[in-house]
Amino acid sequence: MVPKALCEPVRRRRHGVNADGLALVALVLMAAAAGGAPWRDEFDRRSLHKRWTWHTPAPGPSVSLSARAGWLRLTVPQTSEGFNHWAGVQRAAFLQTAAPDGDWDLNARVSLSEWKADSNLHLALVVGFSPERILAWGPFLSKSLYPDAPRPAVWAEPTGHGAYLRTGVEARDIELQIARRVDTYRLRTRKPGAQRWTEHGCWYGGGLTPQFVGLMGKSFGPNPAGALDVD
């Protein structure tokens, strides 16, 4: 569990909204931008909305709006090198859009549709502070690194901090939330259709300004990767 101190730096209001008073905008990927309306994307179009940029430093990962009706599928294939994103390595794929100002909630319903017992993967909601530094929150699996975690579960990793926040929450069908409150990022899950979020921990950004939000497709090493569906 993340030490409680990491959840304490939220002390002031920003843009007139306090840590408990931000209106929740539920479902899919969305954020409440300061001075603007929240946005919502159900991924039910024939093509991606123009807000999105598909960033692939290395060819191989893909996104599809037709693989599963009404969902976006993010697929990371198996390769000899993988698609890692870590200190000194930036091969992971990102579906990204500009981060809003102020406080916001980034929500998505996700389903891990493809994986194998020996997969090395992190398919996640992401907040990016630079091309090199991110915070990822979503399905993670690597039995080669963590033999005590035999199935995909929701984990958080800031760049350079492996296994920062491990949960036992299954990744088969779950709603995820990253809630920004000033410089604190609260990491939450809930079952689809539930009203209340469960908060598992926080990460303190230390004054870093988020540049983008979205999805990340990451794998590492030659092991199989997988696919994540987002509705």
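See the values below:
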item	result
Whole-percent carbon and sulfur share, accessible surface of the stretch 50-174, 1.4 Å	48
Listed residues 172, 73 arranged by accessible area, highest first, probe 1.4 Å	172, 73
Relative packing of peptides 39-47, 99-107, 111-119 - highest average C-beta neighbours within 10 Å first	99-107, 111-119, 39-47
Aspartates and glutamates whose Cα lies under 20 Å from that of residue 218, excluding same-chain neighbours fewer than 8 positions away	81, 114, 118, 132, 157, 170, 173, 175, 229, 231
Förster radius 25 Å - calculated FRET efficiency between residue 116 and residue 89, Cβ distance, rounded to 0.05	0.65
Extension reserve of the residue 53-residue 40 stretch, reckoned as 0.36 nm per residue once the Cα distance is removed	3.1 nm
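The values are calculated or read from the model by the stated rules, or taken from the named source; none is laboratory data. Keep in mind the model is a prediction, meaning the values are calculated, not measured. For neighbour counting, all protein chains shown are included, and Cβ atoms are generated from backbone atoms with ideal geometry for every residue, glycine included. Accessible surface areas use protein heavy atoms only, side chains included; no ligands, DNA or RNA. Shrake-Rupley method; radii C 1.70, N 1.55, O 1.52, S 1.80 Å.
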